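See structure below.
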Number of protein chains: 2
Amino acid sequence: MVQIMLNLKPYKNLLKQHELSLTAVRLAVLETLEIHPHSDADKIFNIVKNKIATTSKQAIYKNLNALAERGIIREIKPKGRSSLYETRTGDNHHHLVCRQCGAVRDTDCFDHAPCLEPMCNHGFKVDEAEVIFWGLCPPCQKNLIKTERKEK
Amino acid sequence: MVQIMLNLKPYKNLLKQHELSLTAVRLAVLETLEIHPHSDADKIFNIVKNKIATTSKQAIYKNLNALAERGIIREIKPKGRSSLYETRTGDNHHHLVCRQCGAVRDTDCFDHAPCLEPMCNHGFKVDEAEVIFWGLCPPCQKNLIKTERKEK
DNA sequence: CAAAAATATTGATTGATTAAATATTTTTTG
DNA sequence: CAAAAAATATTTAATCAATCAATATTTTTG
């Protein structure tokens with residue numbers, strides 16, 4: 001098991017600013033997301049449980065919602081999966097999701113904010129563009145080629 | 001109640017091409033989606049039930065999945081909502097979703113296919129870009145202004 | 001450190017969606 | 001066109017993520 005030292009001070013300040021108390025579970029959730037971006041509640045729960053054996057899934061969910069509401073973390077929800085969370089926020093970056101294995105990768109926004117300008121906005125006041133690129137990650141592309149060969 | 005006559009022949013051909021049988025429920029689902037784009041399974045179920053009183057939600061779900069798998073319809077899933085379906089496919093168009101009332105509107109893809117080109121693709125082979133623009137629709141913007149005035 | 005506020009834990013519940021088994025409809029074939 | 005085969009529909013039960021409510025514990029504040 002690898003121990004990674006994280007500086008949680010910036011988060012502690014951020015939580016204070018948002019009038020959120022500094023609880024063990026909350027900090028553990030943030031730490032987990034720093035190390036494992038794009039995790040879902042279940043995965044976070046299992047990781048946090050290693051540190052805080054008595055923790056509950058409910059606490060994980062509540063914290064994820066509280067943090068996401070305040071923009072401290074960001075929630076993405078590719079269809080067919082549970083919600084995923086990440087600490088990288090405020091840059092409107094996008095995601096690549098593998099149809100096969102579910103791998104998730106970040107990719108930058110095209111420009112400063114063109115993503116917030118749809119072709120026709122129907123009078124909508126747009127504040128967020130959520131972009132998911134669906135496809136196959138490199139390993140799954142290779143597996144597909146192997147499978148195709150076998151099928152011949 | 002307004003009766004709208006729809007020509008379902010193109011769909012019948014499409015279903016044949018995909019080796020799907022022409023069942024009453026399936027055609028009713030397609031007809032419903034033509035008239036009410038961005039409907040969820042429950043809404044479709046209720047509308048279809050008016051025509052086919054004995055129908056089941058299970059049949060609706062199975063048909064939606066079968067049609068979506070073959071690209072005959074498209075599924076979108078804004079976070080926090082059930083899956084929505086539409087018959088407009090193949091043009092990689094995007095969606096505007098109102099945070100307040102949930103209204104959904106189509107908006108065209110920016111260009112022919114730039115949406116399929118993320119900044120950095122991490123070696124992914126991308127085949128679809130799913131874009132949801134979040135914001136407020138015109139009526140909800142007005143309501144917000146009213147509410148702000150009242151609060152003063 | 002004690003009171004007040006916020007959060008955590010526990011247990012039950014919801015809601016969308018899927019699974020499995022049987023009945024019915026649609027398609028195919030002679 | 002009728003019977004067999006295949007596909008689909010219906011019914012009932014189950015799953016899974018996520019939320020709600022009530023009580024216990026922790027954190028914050030003065």
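The values are calculated or read from the model by the stated rules, or taken from the named source; none is laboratory data. Only a predicted model underlies this, so the values are computations on that prediction, with no experimental measurement involved. Every residue, glycine among them, receives a Cβ derived from its backbone with ideal geometry; neighbour counts consider all protein chains shown. The protein model used for the area step is the full one, side chains on, heavy atoms only, and it has no ligands, DNA or RNA in it. Shrake-Rupley method; radii C 1.70, N 1.55, O 1.52, S 1.80 Å.
Condition test on residue A:23, is it open to solvent by 20 Å² or more (accessible area, probe 1.4 Å) and touching a helix residue (DSSP H, G or I) at 6+ places or on another chain (Cβ under 6 Å)?
No: the conditions fail for residue A:23.
Let's see how each residue does on (1) hydrophobic (A, V, I, L, M, F, W, C); (2) in the same structural domain as residue B:135 (by TED's automatic domain parsing):
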{"residue": "B:10", "(1), (2)": "no, no"}
{"residue": "B:14", "(1), (2)": "yes, no"}
{"residue": "B:24", "(1), (2)": "yes, no"}
{"residue": "B:33", "(1), (2)": "yes, no"}
{"residue": "B:43", "(1), (2)": "no, no"}
{"residue": "B:102", "(1), (2)": "no, yes"}
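Would you mind stating whether residue B:44 is away from chain A (no Cβ under 14 Å) and either touching a helix residue (DSSP H, G or I) at 6+ places or on another chain (Cβ under 9 Å) or closer than 19 Å to residue B:6 by Cα (or both)?
yes
Any chance the stretch B:26-34 includes a residue that's within 17 Å of the chain's Cα centre (by Cα), in a helix (DSSP H, G or I) and more than 14 Å from residue B:8 (Cβ to Cβ)?
Within the stretch B:26-34, none of the residues are within 17 Å of the chain's Cα centre (by Cα), in a helix (DSSP H, G or I) and more than 14 Å from residue B:8 (Cβ to Cβ).
Which of the residues that make up the stretch A:56-76 are in a helix (DSSP H, G or I), in contact (Cβ under 8 Å) with a residue 12 or more places away in the chain and over 13 Å from the mean Cα position of the chain (by Cα)? Steps first, please.
Our first condition is that a residue be in a helix (DSSP H, G or I); within the stretch A:56-76, this holds for A:57-69.
Next cut, in contact (Cβ under 8 Å) with a residue 12 or more places away in the chain only: A:57, A:59-61, A:63-64, A:66-68.
Within the stretch A:56-76, A:57, A:59, A:60, A:61, A:63, A:66 qualify.
Of the conditions (1) within 13 Å of DNA strand C (Cβ to nearest atom); (2) surrounded by fewer than 19 Cβ atoms within 10 Å (Cβ to Cβ); (3) within 23 Å of residue A:109 (Cα to Cα), residue A:72 satisfies every one except a single condition; which number is it?
(2)
So residue A:58 ticks every box in (1) within 9 Å of DNA strand C (Cβ to nearest atom); (2) surrounded by 13 or more Cβ atoms within 10 Å (Cβ to Cβ); (3) modelled with pLDDT of 95 or more but one. Which box is left unticked?
Checking residue A:58 against (1) within 9 Å of DNA strand C (Cβ to nearest atom); (2) surrounded by 13 or more Cβ atoms within 10 Å (Cβ to Cβ); (3) modelled with pLDDT of 95 or more, the one that fails is (2).
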